[in-house]
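Novice: Have a look at this one.
Nothing in this text is a laboratory measurement; each read-out follows from the coordinates by a stated rule. Please read all numbers here as calculations on a predicted model, not as lab measurements. Every residue, glycine as well, gets a Cβ built from its backbone with ideal geometry; the counts of neighbours run over all protein chains shown.
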Amino acid sequence: MNSAAIKISNTFCFLKRYGLQHFAIECFIRLHDSFSDWRFNVSTATSIKLFDMGIFVSNANKDYVPISYSAIFSMLKRIPLEPYDISFLDYGSGKGRVLTVAASKPFCSVTGVEFAEKLFFISKTNISSMRNKKAKSINLHHIDAIEF
């Protein structure tokens with residue numbers, strides 16, 4: 001089965017399982033995420049299998065999947081301090097989606113910590129190419145969070 005047929009099949013399965021309302025919401029979230037990637041000039045939308053990152057964990061069935069931009073914007077609004085007063089730290093920064101949004105705010109510093117080499121380098125590329133940077137400094141670290 002080719003890629004388009006798989007996507008169509010997955011779409012019908014989603015519709016059958018969750019209904020039209022949830023399908024419409026999911027479409028809106030994906031459209032918003034694509035627009036935000038374009039706006040920031042980054043590429044964070046696609047998921048990556050753990051196996052493809054060289055991570056072999058027998059009991060793990062999770063892949064790298066980025067959080068939605070709307071969830072990130074909502075989270076940042078809830079911080080009870082002005083951004084220019086604080087530093088922002090993201091453990092498990094992945095492709096840098098959360099870092100991108102944080103770096104678009106006037107934080108003193110934005111720091112990302114990621115142990116997966118593939119994700120670290122994607123994040124580094126995204127931060128280098130991103131538009132609308134307002135943070136005073138942006139730092140990325142390729143290290144296990146336990147050692148940071």
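Novice: 7 Å from Cα along Cα→Cβ at both Val65 and Phe148: what's the point-to-point distance in nm?
Specialist: Output for this residue pair reads 2.3 nm.
Novice: Projecting each Cα onto the charge dipole of the stretch 58-104 (Lys/Arg +1, Asp/Glu -1 at the beta carbon, about the Cα centre), which of Ser87, Pro66, Leu76 comes out farthest on the positive side?
Specialist: It is Pro66, whose Cα lies furthest towards the positive end.
Novice: Okay, next question. How about the stretch 18-57: which trypsin sites (Lys or Arg not before Pro) there lie in a loop by DSSP and see at most 13 other Cβ atoms within 10 Å? The partial results should precede the final answer.
Specialist: Details: sites: Arg30, Arg39, Lys49; in loops: Lys49.
Sparse-neighbourhood loop trypsin sites (Lys or Arg not before Pro): Lys49.
Novice: Set the bar at 32 Å for Cα to Cα. Now go through Lys7/Lys77; Lys7/Lys95; Lys7/Lys133; Lys77/Lys124 and name every pair that lies beyond it. Please list the in-between numbers first.
Specialist: Numbers: Lys7/Lys77 34 Å; Lys7/Lys95 23 Å; Lys7/Lys133 35 Å; Lys77/Lys124 25 Å.
Table pairs above 32 Å Cα-Cα are Lys7/Lys77; Lys7/Lys133.
Novice: Can you tell me the Rg and Dmax of the chain, counting just the alpha carbons, in angstroms?
Specialist: 17.0, 53
Novice: Can you tell me the 0 to 90 degree angle between the C-alpha axis of helix 3-40 and the longest principal axis of the chain, rounded to 10?
Specialist: Computed tilt is about 30 degrees.
Novice: Here's something else I'd like to know. Near the amide H of Leu140, under 5 Å away, which other amide H atoms are found, from residues 5 or more places off or on another chain, if H is placed in the peptide plane?
Specialist: Gly112
Novice: Here's a follow-up. Kindly write out, for the stretch 140-148 in residue order, the coupling ³J(HN,Hα) from the Karplus curve 6.51 cos²θ - 1.76 cosθ + 1.60 (θ = phi - 60°), rounded to whole Hz, with x marking Gly and Pro.
Specialist: Those phi angles translate into 10, 10, 9, 7, 5, 4, 5, 8, 6 Hz.
Novice: Would you mind checking the stretch 9-25 for residues with the amide N under 17 Å from a putative spin-label position 7 Å along Cα→C-beta of Leu31?
Specialist: 20-25
Novice: Most fluctuating residue of Ser109, Ser93, Ser74 in a GNM of the chain with Cα springs under 10 Å: which is it?
Specialist: Looking only at Ser109, Ser93, Ser74, the largest GNM fluctuation is found for Ser74.
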